[in-house]
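Have a look at the structure below, then the notes.
The values are calculated or read from the model by the stated rules, or taken from the named source; none is laboratory data. Note that this is a predicted model, so its numbers are computed, not measured. Don't worry about glycine lacking a Cβ; one is built from the backbone with ideal geometry, like all the others, and counts go over all protein chains shown. In case anyone asks, the SASA skips ligands and DNA or RNA and just uses the protein heavy atoms, side chains included. Shrake-Rupley method; radii C 1.70, N 1.55, O 1.52, S 1.80 Å.
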Amino acid sequence: MNILMIEDEERVADIVTKYLQKEGYNVFTCYNGTDGLNVFLKESIEVVLLDLMLPDIQGEEICKKMREVSNVYIFMLTAKGTLDNKVDGFSMGADEYLVKPVSPRELVARVNALKNRKDRESNQDIYSFDKGNLKIYPDERVVKAYNKEINLTPNEFDLLLHLAQSPGRVFTREQLIDAVMGLEFDGFDRTIDVHIKNLRKKIEADTKNPKFIKTVTGIGYKLDGDVV
């Protein structure tokens, strides 16, 4: 797995890099946003560890640029720890938001958990809803809505797939967090709301009257639609 580390604190970046390399990962380490973006565009990167407070380009801007062209898994690493900061981070497309100081061992454990989850994905089925207006291809991690391929973040895809595997079943926010982000996720319930909002923008024809992802008031969410 190719990992890109963008962190201006060289000592921190080097320590995390060594931990990741010890686990067998190929790590590209950059100390500013410009170099990080250049590496990202040249290499096949699967995971980005992104500091937000960089000397040249703000991490938020880098995240936006990456999301324009890729669904790469993005860990935001920052000292900005308010609830609004976290909501903004997820809205920009972050898959995980970790407040510094972050233990290198914990960070590596989270990357390992992500890799293990990807390795377990061996479902060969295609999930099709509403006469094919929504199709989910688990192996290729591809989603098509109304015959158009949709660019989803890893967490958005995993969330949609989890709902699709049990159509009509209502999941609480806590259940979705556990299933998609893992039992050790220490975020907050609104994280799921942000992902659902972003998903609806991408797959629904009318976000005010969603056809697929339905809110069940006081409980959580379910995926609706006739399965084909």
Note to self: Using a 1.4 Å probe on the protein heavy atoms, what percent of the accessible area of the range 1-149 belongs to carbon and sulfur?
What the structure shows: 45 percent
Next item on the list: Scan around D56 for amide H atoms under 5 Å from its own, H built in the peptide plane at 1.01 Å from N, and keep only partners 5 or more places away or cross-chain.
Entry: G33
Note to self: Run the simple label-point estimate for T215 and K64 please: 7 Å along Cα→C-beta, distance reported in nm.
What the structure shows: 2.6 nm
Checklist line | Computed magnitude of the charge dipole of the chain (debye, nearest 20; Cβ of K, R +1, Cβ of D, E -1) | finding: 700 debye
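Could you sort Y146, Y127 by accessible area so the largest value comes first, with the probe set to 1.4 Å?
Ranking Y146, Y127 by accessible area, largest first, yields Y146, Y127.
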Notebook entry, point to check: Please state the relative contact order of the chain as a whole percent: Cα pairs under 8 Å, 6+ residues apart?
Noted result: 15 percent
Note to self: Let me spell out the model: positive unit charges on the Cβ of Lys and Arg, negative unit charges on the Cβ of Asp and Glu, origin at the Cα centre of the range 42-96. What dipole size does that give, in debye rounded to 20?
What the structure shows: 60 debye
Check: What FRET efficiency, computed as 1/(1 + (r/R0)^6) with R0 = 30 Å and r the Cβ-Cβ distance, is obtained for D35 and A109, rounded to the nearest 0.05?
Finding: 0.65
Check: How big is the accessible area of I219 in square angstrom, nearest 10, if you roll a 1.4 angstrom probe over the protein chains?
Finding: 80 Å²
Next item on the list: Please identify, among I177, I192, I150, the residue showing maximal mean-square fluctuation in a Gaussian network model of the chain using a 10 angstrom Cα cutoff.
Entry: I150
Notebook entry, point to check: Per the Debye formula with a single identical scatterer at each Cα and no solvent contribution, what log10 I(q)/I(0) holds for the range 1-83 at q = 0.16, 0.21 Å⁻¹?
Noted result: -0.54, -0.94
Next item on the list: Pairs to check: K64/K214; K80/K197; K64/K202. Give those whose C-alpha atoms are more than 21 Å from each other in this structure.
Entry: K64/K214; K80/K197
Note to self: As a test of reading the structure, rank T217, T17 by solvent-accessible area (1.4 Å probe, protein chains only), most first.
What the structure shows: T217, T17
Next item on the list: Of the options H195, Y146, V99, report the single residue whose Cα projects farthest towards the positive end of the charge dipole of the chain (beta-carbon charges: Lys, Arg +1; Asp, Glu -1).
Entry: Y146
Checklist line | Backbone HN-Hα couplings from phi across the range 38-43 [Karplus 6.51/-1.76/1.60, Hz, Gly and Pro as x] | finding: 4, 5, 4, 6, 9, 9
Note to self: If you take every DSSP beta bridge fully contained in the chain, what fraction is antiparallel? Give it as a percent rounded to 5.
What the structure shows: 50 percent
Next item on the list: Could you do me a favour and compute the accessible area per residue for the chain, 1.4 Å probe, result in Å²?
Entry: 50 Å²
Next item on the list: Please tell me the relative contact order of the range 45-162 in percent, rounded to the nearest whole number, where contacts are Cα pairs under 8 Å and at least six residues apart.
Entry: 20 percent
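Could you calculate the FRET efficiency of L83 with M53 from 1/(1 + (r/R0)^6), where r is the beta carbon distance between them and R0 is 22 Å, rounded to 0.05?
So, using R0 = 22 Å, E works out to roughly 0.75.
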Note to self: Quick check: from the Cα gyration tensor, does the range 88-160 come out rounded (a/c under 1.5), prolate or oblate?
What the structure shows: oblate
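Using C-alpha positions alone, give me the convex hull volume of the chain per residue in cubic angstrom.
120 Å³
Let me check something: with ligands and nucleic acids excluded, how do E204, E68 order by accessible area (1.4 Å probe), largest to smallest?
E68, E204
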Note to self: With loop defined by DSSP as not H, G, I, E or B, and exposure as at most 15 other Cβ atoms within 10 Å, which is the longest segment of the chain clear of exposed trypsin sites (Lys or Arg not before Pro)?
What the structure shows: 1-130
